[in-house]
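None of the figures in this text is laboratory data; all of them are computed from the coordinates on show. Nothing here was measured: the structure is a model prediction, and the numbers come from that model. Don't worry about glycine lacking a Cβ; one is built from the backbone with ideal geometry, like all the others, and counts go over all protein chains shown.
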Amino acid sequence: MEKLVSPSQWSKRSNVVKEHVESVTKESDRIRKTIQNKETRFYGDKSTTKLDIFGLKNKSSAPLFVYISGGYWQDLSGDISLYPVQPLYDEGIVCVIVDYTRAPKVSMDEIIDEIIDAAKLILDIAIENGSKSIILSGHSAGSQLCSMILTSEWYMNLSAEKRSLFKAVFHLSGIYSLDKLVGTYVNDSLHMDLEMAQRLSPLNAKNLKRLEKVVLPYAYVIVGERDSPLFIEQAQEFVANLVKMPNFKELHYKVIPKMDHFNLVEDLQQKNYEITKNILYLINKLE
């Protein structure tokens, strides 16, 4: 199980984590220096509880693309997760990069609370901007956090009008059964017991039942061919449950050839990358 929960061990790149951090840091630094139309808004009282927003002043009613980074809820940061911005910004899309406090500084439940507070502010921004659509996306742990937004009491209690702004979600190499992490090195900083891990799992029966009531019209569940078999298996199980839900307009499951857990999202900085094209195609369809 230790190997299965470690995506870097399934990549064909020997220094994949180092290369990933270098790549996303370089692109994030470039974005920060070159795009002037940016602002930071805080949804909490910590330096990490913030949204970096690009393109908000470009045009009223522009769609919002939201990206939540991974790192097993303990590594990476929003500051080095600006890499999806450029191709979408160039098309007039507002990009919202969500940062959050990582474990062990906070518990998993506190991370979920932060992400829901972030979603509240994102919804407020969309309404202020006259946006017609919010597209959620998350990588790895960020994919689980997208699910936690959609199955939260806050989201389920929103008016139908406000919920209708949330149009789509892109799950990028997500982890959907957190109980598999209990007893592995990943949990050393998370301190989850089995009850918590199951409660926070998108594949938990209660969470699936909640999701069925508020499922978004469009969903993509995407993995890399060279991802860990555990991630691929969980994605397939997640899709097998989603496909039973009646309210989808479109549900897509994709395996991107030759991509590992890391370059699956690194390449979002490229406008001709398959996932970037999927995002742009969907947003154009929604407009």
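Among His171, His20, a tally of other beta-carbon atoms within 10 Å of each Cβ gives an order, fewest to most, of His20, His171.
Taking all Cα pairs closer than 8 Å and separated by 6 or more residues, the relative contact order of the chain comes to 20 percent. Across the range 22-135, Cα pairs under 8 Å and at least six residues apart give a relative contact order of 33 percent.
Would you indicate which of (i) 40, 38, 19; (ii) 25, 22, 19; (iii) 29, 24, 20 is the value of semi-axes √(5λ) of the Cα gyration tensor in Å derived from the coordinates of this structure? Of the listed options (i) 40, 38, 19; (ii) 25, 22, 19; (iii) 29, 24, 20, (ii) comes from this structure. With neighbour counts taken as other beta-carbon atoms within 10 Å, the residues Ile115, Ile232, Ile93 rank, fewest first, as Ile232, Ile115, Ile93. For the range 1-84, a/c is not less than 1.5, where a ≥ b ≥ c are the root eigenvalues of the C-alpha gyration tensor, and a/b tops b/c. That puts it in the prolate class.
On the beta carbon distance between Asp124 and Lys285, with R0 = 30 Å, the FRET formula returns roughly 0.75. Under the convention that each Lys and Arg Cβ holds +1 and each Asp and Glu Cβ holds -1, the size of the dipole of the range 161-287 around its Cα centre is about 660 debye.
Multiplying the residue separation of Thr40 and His252 by 0.36 nm and removing their Cα-Cα distance gives an extension gain of 73.1 nm. Once you have a ≥ b ≥ c as the square roots of the Cα gyration tensor eigenvalues for the range 68-153, tell me rounded if a/c is under 1.5, and otherwise prolate or oblate according to whether a/b is larger than b/c. Cα axes put the range 68-153 in the oblate bin. Relative to the current alpha-carbon distance between Glu212 and Lys132, full extension at 0.36 nm per residue lengthens the span by 26.6 nm. A simple spin-label model places pseudo-atoms 7 Å from Cα toward Cβ; at Ser77 and Trp154 they are separated by 2.3 nm. Quick check: Cα centre of the range 6-51 to Cα centre of the range 80-150, how many Å? Result: 13 Å between the Cα centres. Counting every alpha-carbon pair across the range 39-117, the share separated by more than 18 Å comes to 40%. Helical runs assigned H by DSSP (4 residues or longer) give the chain a calculated mean residue ellipticity at 222 nm of -11500 deg cm²/dmol, each run adding -39500 (n - 2.57) before division by the residue total. Under the 0.36 nm per residue contour assumption, what length would be gained going from the current alpha-carbon distance of Glu19 and Ser107 to full extension? Contour length minus Cα-Cα distance gives 28.8 nm. Remark: spin-label model distance Lys244-Asp188 equals 3.8 nm, labels positioned 7 Å along the Cα→Cβ axis. Here is the P(r) of the range 236-287: all C-alpha pair distances, binned every 5 Å from 0, give 4, 16, 21, 20, 21, 14, 4 in whole percents.
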